[in-house]
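This report concerns only the one structure given below.
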Amino acid sequence: MSVAGKNNDMEARIEKIVAMIHGRGGRMTPQRRTLLRVILENPCSTCKELFYLSRKIDSSIGRATVYRTIKMLDDCGVLTGRLISVTGV
């Protein structure tokens, strides 16, 4: 798949997840969108890893943002298990 194709696929996955979050009354801030992109692009297994990778992109992301976003994604059924893995998207 070409780079453009991968980017389009990534954007489609992000928009699908955003729609799920909005459907449950949640908000999608720029920081949460960055976290979502990091989750989809990197095989992270801990919130600490997500925090450090996300901070490289957006220094305004704090630990609380990471933990709250992970909880929100878990509540929406996007993340499952102890390791972060994206499901159904």
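Structure summary
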quantity: Accessible surface, segment 22-66, averaged per residue in Å² (probe 1.4 Å); calculated: 60 Å²
quantity: Around residue 21: net Lys/Arg minus Asp/Glu count, Cβ-Cβ under 11 Å; calculated: +3
quantity: Cα gyration tensor shape of segment 1-64, rounded if a/c is under 1.5, else prolate or oblate by comparing a/b with b/c; calculated: oblate
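The values are calculated or read from the model by the stated rules, or taken from the named source; none is laboratory data. Quick caveat, the model's predicted, so the values are computed rather than measured. With ideal geometry, Cβ positions are generated from the backbone for all residues, glycine too; neighbour counts draw on all protein chains shown. For accessibility, only protein heavy atoms count, side chains too; no ligands or nucleic acids. Shrake-Rupley method; radii C 1.70, N 1.55, O 1.52, S 1.80 Å.
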